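Down below is the structure, laid out as structure tokens.
The values are calculated or read from the model by the stated rules, or taken from the named source; none is laboratory data. A quick note: this is a predicted structure, and the numbers were derived from the prediction, not measured. All Cβ positions, even for glycine, are placed from backbone atoms using ideal geometry, and neighbour counts span all protein chains on display.
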Amino acid sequence: MTLDPLLAAPLVVRLHAATAMAAIPLGAAQFLLPKGDPRHRALGWAWVVLMGVTAASALGITGRAGAGRWSWIHGLVALVAVLLPLAVLAARRGHVRRHRATMLGLYLGALLITGALTLTPGRVMHRVVFGG
């Protein structure tokens with residue numbers, strides 16, 4: 001394992017990876033820690049910001065579909081842009097089940113599953129983890 005491919009990547013890729021990697025343990029902590037208290041709200045807002053930056057920075061990462069072109073995975077940016085505010089709104093309105101389900105879906109789909117896809121050959125994170 002070497003961070004060299006990530007450190008050599010464009011700034012937008014480094015920002016995207018850093019915010020996504022920070023959101024993973026923070027999101028896990030949110031699911032494990034007590035809900036509804038000030039700490040949950042503060043960590044939740046931090047997670048929302050991290051996810052927003054992760055999604056926004058993804059728009060600057062192109063090349064898999066051709067230089068300057070977006071791929072199907074960029075559709076997740078639109079999904080995050082819609083679901084993230086809806087999850088916050090659900091919490092503010094007291095719709096706990098909707099909030100929990102939406103946040104869990106975002107965590108699993110937009111972070112863990114897509115994170116696993118970054119480990120496919122030819123991607124920066126594949127080179128970080130597996131070398132080459």
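Only a single criterion out of (1) at pLDDT 95 or above; (2) at positive phi is not satisfied by Gly36, namely (1). Six or more apart or on different chains, Cβ under 6 Å: which pairs go from a residue in region 1-17 that's of a type outside the set (Val, Ile, Thr) and in a loop (DSSP other than H, G, I, E, B) to one that's crowded, with 16+ Cβ neighbours inside 10 Å and at pLDDT below 95? Could you list them? Listed pairs, sorted by first residue: Ala9/Val124. Evaluated against (1) within 17 Å of the chain's Cα centre (by Cα); (2) closer than 16 Å to Thr118 by Cα, Phe31 falls short on exactly one condition, (2).
Of the residues that make up region 28-47, is at least one crowded, with 16+ Cβ neighbours inside 10 Å, of a type outside the set (Phe, Trp, Tyr) and either farther than 16 Å from Met103 by Cα or in contact with a strand residue (DSSP E or B) (Cβ under 7 Å, 6 or more places away or on another chain) (or both)? No, there is no match, as no residue in region 28-47 is crowded, with 16+ Cβ neighbours inside 10 Å, of a type outside the set (Phe, Trp, Tyr) and either farther than 16 Å from Met103 by Cα or in contact with a strand residue (DSSP E or B) (Cβ under 7 Å, 6 or more places away or on another chain) (or both).
Got a number for residues in region 19-43 being among the β-branched types (Val, Ile, Thr) and in contact (Cβ under 8 Å) with a residue 40 or more places away in the chain? Qualifying residue count for the region: 1.
Among the listed residues Gly60, Gly75, which satisfies the condition of being outside any loop (DSSP other than H, G, I, E, B), under 15 Å from the mean Cα position of the chain (by Cα), small (Gly, Ala, Ser) and modelled with pLDDT under 95?
Gly75
One line per residue, one yes/no per condition, for (1) surrounded by 15 or more Cβ atoms within 10 Å (Cβ to Cβ); (2) within 17 Å of Ala17 (Cβ to Cβ):
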residue: His74; (1), (2): yes, yes
residue: Ala81; (1), (2): no, no
residue: Val88; (1), (2): yes, no
residue: Arg92; (1), (2): no, no
residue: Gly105; (1), (2): no, no
residue: Gly109; (1), (2): no, no
residue: Leu117; (1), (2): no, yes
residue: Gly122; (1), (2): no, yes
